[in-house]
1. Say a paramagnetic label sat at a point 7 Å from the Cα of Ser16, along Cα to Cβ; which residues of the range 40-77 have their backbone N under 15 Å from it?
2. Rank by packing, highest mean first: peptides 88-97, 15-24, with packing defined as the count of other Cβ atoms within 10 Å averaged across residues.
3. For a label point 7 Å from the Cα of Gln104 along Cα→C-beta, name the residues of the range 17-35 whose backbone N is under 12 Å from it.
4. What Cys residues in the chain are without a partner cysteine, judged by a Cβ distance under 4.7 Å?
5. If you plug each phi of the range 42-48 into the Karplus form 6.51 cos²θ - 1.76 cosθ + 1.60 with θ = phi - 60°, what whole-Hz ³J(HN,Hα) values come out, in order, with x for Gly and Pro?
6. Return the FRET efficiency for the residue pair Ser39, Leu3: r is the Cβ-Cβ distance, R0 is 35 Å, and the value is rounded to the nearest 0.05.
7. Calculate, in nm to one decimal, what His83 and Ala157 gain on full extension: separation in residues at 0.36 nm each, minus their alpha carbon distance.
8. Can you give me the accessible area per residue for the chain, using a 1.4 Å probe, in Å²?
Amino acid sequence: VSLSGSGETPAEDNLSPLTLIFGGQTIGTTSAEPTVTLSNNGQIVLTGIRLQSGNMDFAYTTTCGASLQPGNSCAIQVTSTPHLAGPDSGILTVVDANRTQQIQLSGTGILANVTLTPAGLNFGATGVQISSPAQTLLLSNGSNSTMSGISLRTTGAVTEASNCVTSLPS
């Protein structure tokens with residue numbers, strides 16, 4: 001029995017960059033769209049391309065189809081639209097017939113036009129078991145969104161009394 005054949009270089013996928021850091025983004029607004037590039041540097045068609053994301057604060061659009069020809073690339077644009085203040089992270093997974101790759105996503109939701117006045121309090125020297133005079137902080141929400149999840153925390157021998165609730169309308 002005579003057999004013959006030839007080998008092919010497999011598809012070679014390359015995803016770049018593997019990390020996107022969005023920095024501070026005002027809650028409810030959408031960031032610019034940095035681009036991640038998926039390239040096929042091999043000699044056969046890259047097949048089975050799928051994208052998956054599990055965090056609603058990060059979204060993507062793509063020019064990638066289900067396959068990618070050798071020598072070609074496609075773009076994945078990712079955005080961040082934070083819904084809450086504070087740090088946030090996610091993963092965008094790119095799956096193809098060769099492997100699974102992950103793009104690490106991170107950003108921080110920030111409130112616009114929210115102020116706490118004054119920025120700090122100084123109680124000065126107070127004797128043991130003697131209460132200092134009360135001081136007031138004013139929390140103002142000049143943003144166009146309702147602040148939610150407001151909570152107050154004190155440390156040490158400081159106590160607080162507040163008329164703040166868990167949310168503050170714009």
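1. Residues passing the 15 Å test: 40-42, 71-76.
2. Working: 88-97: 17.2, 15-24: 13.9.
The densest-packed peptide leads the list: 88-97, 15-24.
3. 18-21
4. Isolated Cys, the chain: Cys164.
5. For the range 42-48, the Karplus curve yields x, 10, 10, 5, 8, 10, x Hz.
6. Working: r = 34 Å, r/R0 = 0.99.
It comes out at approximately 0.50.
7. That pair, His83 and Ala157, stretches by 23.2 nm at full extension.
8. Details: 10890 Å² over 170 residues.
Counting only protein heavy atoms, the per-residue value for the chain is 64 Å².
The values are calculated or read from the model by the stated rules, or taken from the named source; none is laboratory data. Predicted model only: the values in this text are computed from it and were never measured. Note: ideal-geometry Cβ built from the backbone for every residue, glycine included; neighbour counts use all protein chains shown. The protein model used for the area step is the full one, side chains on, heavy atoms only, and it has no ligands, DNA or RNA in it. Shrake-Rupley method; radii C 1.70, N 1.55, O 1.52, S 1.80 Å.
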